[in-house]
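The values are calculated or read from the model by the stated rules, or taken from the named source; none is laboratory data. Fair warning: this is a prediction, and the values are worked out from it, not measured in the lab. Neighbour counts are summed over all protein chains in view; Cβ atoms, including those assigned to glycine, are modelled from backbone coordinates with ideal geometry. Calculation scope for accessible area: heavy atoms of the full protein, side chains included, ligands and nucleic acids excluded. Shrake-Rupley method; radii C 1.70, N 1.55, O 1.52, S 1.80 Å.
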Amino acid sequence: MVQVITDDALLERPRTLRLRFSKVGSLQYISHLDLMRTMTRALIRARLPLWYTQGYNPIPHLVFATPLSVGTESRCEFLDVRIVKNVDSDAVLAAVNATLPQELRILEVYYPETKFNALVYSEYEIKIVSDAIADGYLSQASELLWKKPLTVTKKTKAGIRDVDVSGGIRKLELNQEGNLLQIHAVLAANSAEFLNPELLIRILKEKTGILSGDPMQEYYSILRIADYTEDMARFR
Amino acid sequence: MCKKENLSTVLKSVSKPGRYTGGEFNQIIKKKEDVAVRFAFCFPDTYEIGMSNLGVRLLYEALNREESIWCERVYAPWLDMDEKMREHGIPLTAHESGDVLTDFDIVAFTLQYELCYTTMLHMLDLAGIPMLASERGEEFPIILGGGPCTYNAEPIADFYDIFSIGEGEEALPELCRLYERMKADGSYTKAEFLHAAARIPGFYVPSLYDVRYNEDGTVHSYTPKYADVPKRVKKRIIEDMDKAIYPEKLVMPYIETVHDRITLEVYRGCIRGCRFCQAGMVYRPIREKSPGTLCRQAKCLYENTGYDEISLISLSISDYSRLSELTDGLLSWTNDEHVNLSLPSLRVDSFTEELMEKISTIRTGGLTFAPEAGTQRLRDAINKNVDEEDLLRAVNIAFSAGKSSVKLYFMQGLPTEEMSDLDGIADLAGKVIGTYYKNPKRNKARGVQVTVSVSCFIPKPFTPFQWEAQDDLETLEAKQEYLKDKITDRRIRYHYHNARVSRLEAVFARGDRRLAPALMLAAKEGVVFDAWDECFDYDRWMDIFERTGIDPAFYANRRFGLEECLPWDVIDCGVTKQYLRLEHDRAYQNITTPSCAENCNGCGANKLGGKNRWCK
């Protein structure tokens, strides 16, 4: 077992430690709450000196940067935890990875200088394989997704209504190879505006009929590959 | 098996896809080439329920400790996934390897409750395995059953090659070693293997017995087909619980399961002997683990899982002879690590202020007690050995500590029950309310809430009440209505179980081999998950019984003859029929029997051996 604590003295105030991690493969089917539980247990197994909330039912304090929908993979998720003793970040990385499944990996551990509200955009790679993707599909799809306003029906607390999501698209590149469509997108990912990449697929599905054939032959994947600040610098 | 990529579209369209993906931390992966026996351990219910089962955790560990065996887990897909699998021809696969069940040597089902039978058959079907043992050739795996239902597995005997009777930690690896040896030396055929396996203690091969029935429909006899097959199969037990295999790691589910915590088995068996309770009889003799062993196992499991709760498991935790020593040992570190202790099976007569203070989940959660019957007369008849004073004392402790709600479990339709016993349930709940208002330390900011939860009596094999008739459905439902009218106080909440579910359970609990056609027809017509409210359909079952010529009342509502050959007489659970008969007679005289801790009552389980404290 890797020893993560460098100094046994309690810190005056709990300190925030940031973990960047990937969540791929089977782990894409794990919801936010499930991930919270999984991470909490892994951090306990790794013997991190976690700070617990002071309420009636104390729990470790974990905060994730941005939501990740079930069915979306990611190579850049951020998790902040609070610790009560100083730790060695390399040792934390090794210790936590030793107690995580392969498809959940800590990639970086550091004391952060930013807050999560500085994270404004997420970058995605989307792949769609469908029989309905044929010659000329690329221009049809491009036209649909570049439309302004780009209206989708959303279920909100106020009921079902049409929303224009075009403002949430910062960058969009489409490529087609045979029946494979690739979309490279940078989308809004902050608390004021969050554009779920699933919505782009939903628009194409509804308007062009992709992904409505044999589910054993047709599929899609979404991978979050990077996060950015307002001025498109890498979020850290 | 289909590629994961191709399954992704299906997984993205079903509820809780995390049920199906596998890949959990601490799962055990071996190389197929390195193992001789591939063992699929199936739980015939959803992932969330199966992952919570202690038996599965134990046996997964016991089997995988053997280098030549690879035990994997299989669960029943929920309705939405099941539909997709059928639509797209996706077979049922194991979690670890993703291989289809037909690739395995042994496919085992743990049978925890009778209402999982159709789900079990459904799983065989999803895997492309014929349901009837007689229709499965050499190319199909051995189908093995185990768990509490195997104390009377006759209704499902036609579907199984072999049953493991009793505790499996040692027996299952033995069975696998026999399989490995016979495969290696070329002597293996399914028939030869089963015949040899029937000679291992604790294995019941139903096809090796001829069953004859009397003209009145009762069982005439069970006769082994070979001289070397035992007339009665004696259950297996683990001799020394301190030396028994216990997992040091647990497979960690991602999605929330029913019991998502460390379960620490404190002892096996029960000293009490409630006359309706099957577990109290079939898990005898009592065998305790020492506090030292338990504390070591708890710490190790905590470090390897990161769970924040440890539940102390047994049939009645406060009967553990060294409970104080154990809780002190655990509390020496659990509070500092923010780990909660929970004691889920408390008896009113041993509920103390000390426990109330010590146990955090008692402090924070609700309190539940099980007086089981409303009057002292009936509590004596069922040998509950708890009196009103005990209950009122226990709730008073809780009220003094600031609690304002308690839950009380009762049973309805118990043998010898009269309407006055039902009145007793309402009266007792009323007295609990009275106790609350008499308590000066009560939480005056809140009103009191008593929940009365009533289940229906089901006669179970190997209990003193195994011969009893279940009340017919009309009577059960009338009694439920009667009690509903009796309970008028708004501070009492009244819940009762669906009597129709209990009736079906009674049919299968005391059923024989002639029920198989009904189960098969039900499974073929898509009946599944009977234990789930949204799936249970009583009328459909009655229709199935009618079409297969089965009278459910013969099994559920008939008083079995005391001299009758019972379908489960082929099994020996340790406790003798003679003792059950004695206990049965005592019930009718309202005579209680002391607990094993006070006196050895000579139930017969001591002949099984076992290191323990109480047996003489």
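Some observations on this one:
- Of all residues in the range B:330-344 being among the hydroxyl-bearing types (Ser, Thr, Tyr) and in a helix (DSSP H, G or I), the one that is least open to solvent (accessible area, probe 1.4 Å): B:Thr334
- Positions within the range B:113-151 being surrounded by fewer than 20 Cβ atoms within 10 Å (Cβ to Cβ) and in contact with a Gly (Cβ under 6 Å, 6 or more places away or on another chain), in sequence order: none
- Looking across the range B:191-203, just one residue is touching a Phe, Trp or Tyr at 6+ places or on another chain (Cβ under 9 Å) and open to solvent by 20 Å² or more (accessible area, probe 1.4 Å), and that is B:His195.
- A:Ile30 passes every criterion in (1) open to solvent by 10 Å² or more (accessible area, probe 1.4 Å); (2) of a type in the set (A, V, I, L, M); (3) at the interface with chain B (Cβ under 8 Å from one of its Cβ atoms) apart from (1).
- Residue ranges of helices (runs of 4 or more DSSP H) in the range B:45-103 with at least 2 members in contact with a Leu (Cβ under 8 Å, 6 or more places away or on another chain): B:54-64, B:79-88
- Of the residues making up the range A:170-187, those that are touching a Ser or Thr at 6+ places or on another chain (Cβ under 8 Å) and closer than 20 Å to A:Phe116 by Cα number 2.
- Total residues in the range A:1-32, condition under 21 Å from A:Arg236 (Cα atoms) and part of a strand (DSSP E or B): 9
- If you go through the range A:77-125 and pick out every residue that is in contact with a Pro (Cβ under 6 Å, 6 or more places away or on another chain) and under 26 Å from A:Ile30 (Cα atoms), you end up with 3.
- Any hit, the range B:41-61, residues being open to solvent by 30 Å² or more (accessible area, probe 1.4 Å), within 14 Å of another protein chain (Cβ to nearest Cβ) and more than 30 Å from A:Arg202 (Cα to Cα): no
- Test: residue in the range A:130-151 that is in contact (Cβ under 8 Å) with a residue 24 or more places away in the chain, open to solvent by less than 30 Å² (accessible area, probe 1.4 Å), within 14 Å of chain B (Cβ to nearest Cβ) and touching an Asp or Glu at 6+ places or on another chain (Cβ under 6 Å): yes
- Whether a residue is open to solvent by 30 Å² or more (accessible area, probe 1.4 Å), among the acidic types (Asp, Glu) and farther than 24 Å from B:Phe465 by Cβ was assessed, and B:Glu505 does not pass this test.
- Among residues that are of a type in the set (Lys, Arg), in a helix (DSSP H, G or I) and touching a residue at least 40 places away in the same chain (Cβ under 8 Å), B:Arg503 is included.
- B:Thr593 meets each of the listed conditions (1) touching a Leu at 6+ places or on another chain (Cβ under 9 Å); (2) of a type in the set (Val, Ile, Thr); (3) open to solvent by 50 Å² or more (accessible area, probe 1.4 Å) apart from (3).
- So B:Ile544, is it in contact with a Leu (Cβ under 6 Å, 6 or more places away or on another chain) and of a type in the set (Val, Ile, Thr): yes
- Among the residues of the range B:528-572, the ones that are part of a helix (DSSP H, G or I) and either assigned by TED's automatic domain parsing to the domain that holds B:Gln112 or hydrophobic (A, V, I, L, M, F, W, C) (or both) come to 9 in all.
- Annotation for the range A:155-170: no member residue is within 14 Å of chain B (Cβ to nearest Cβ), in contact (Cβ under 8 Å) with a residue 24 or more places away in the chain and more than 26 Å from A:Val63 (Cα to Cα).
- Residue match in the range B:298-306 (condition: in contact with a Leu (Cβ under 6 Å, 6 or more places away or on another chain), crowded, with 18+ Cβ neighbours inside 10 Å and farther than 23 Å from B:Ile238 by Cα): yes
- Flag if B:Thr375 is open to solvent by 10 Å² or more (accessible area, probe 1.4 Å) and modelled with pLDDT of 95 or more: yes
- Once the range A:183-205 is narrowed to residues that are free of Cβ contacts under 8 Å to residues at least 60 places away in the same chain and part of a loop (DSSP other than H, G, I, E, B), the residue that is farthest from the other protein chains (Cβ to nearest Cβ) is A:Ala192.
- Residues located in the range A:1-47, provided they are in contact with a Ser or Thr (Cβ under 7 Å, 6 or more places away or on another chain) and among the hydroxyl-bearing types (Ser, Thr, Tyr): A:Ser22, A:Ser26, A:Tyr29
- Checklist (1) acidic (Asp, Glu); (2) closer than 26 Å to B:Phe457 by Cα; (3) touching a Phe, Trp or Tyr at 6+ places or on another chain (Cβ under 9 Å) applied to B:Asp380, failing item: (3)
- Output for the range B:573-590, where each listed residue is open to solvent by less than 40 Å² (accessible area, probe 1.4 Å) and part of a loop (DSSP other than H, G, I, E, B): B:Cys573, B:Gly574, B:Val575
- Which listed residue, of B:Asp34, B:Asp80, is surrounded by fewer than 21 Cβ atoms within 10 Å (Cβ to Cβ), farther than 27 Å from B:Ser314 by Cα and within 14 Å of another protein chain (Cβ to nearest Cβ): B:Asp80
- A Cβ distance below 7 Å, combined with a sequence gap of six or more or placement on separate chains, defines the contacts here; from the range A:206-234, residues that are under 14 Å from A:Ala189 (Cβ atoms) and in a loop (DSSP other than H, G, I, E, B) reach residues that are among the aliphatic types (A, V, I, L, M) and open to solvent by 20 Å² or more (accessible area, probe 1.4 Å) in the pairs A:Thr229/A:Ala118.
- Selection of the range A:71-103 for residues being surrounded by fewer than 17 Cβ atoms within 10 Å (Cβ to Cβ) and facing chain B (nearest Cβ under 10 Å) yields A:Gln102, A:Glu103.
- Selection count, the range A:48-68, where residues are out of contact with any Ser or Thr (no Cβ under 9 Å at 6 or more places or on another chain), within 11 Å of chain B (Cβ to nearest Cβ) and surrounded by fewer than 19 Cβ atoms within 10 Å (Cβ to Cβ): 3
- Considered as a group, the residues in the range B:428-487 that are under 25 Å from the mean Cα position of the chain (by Cα) and part of a strand (DSSP E or B) include one that is surrounded by the most Cβ atoms within 10 Å (Cβ to Cβ), and that residue is B:Cys456.
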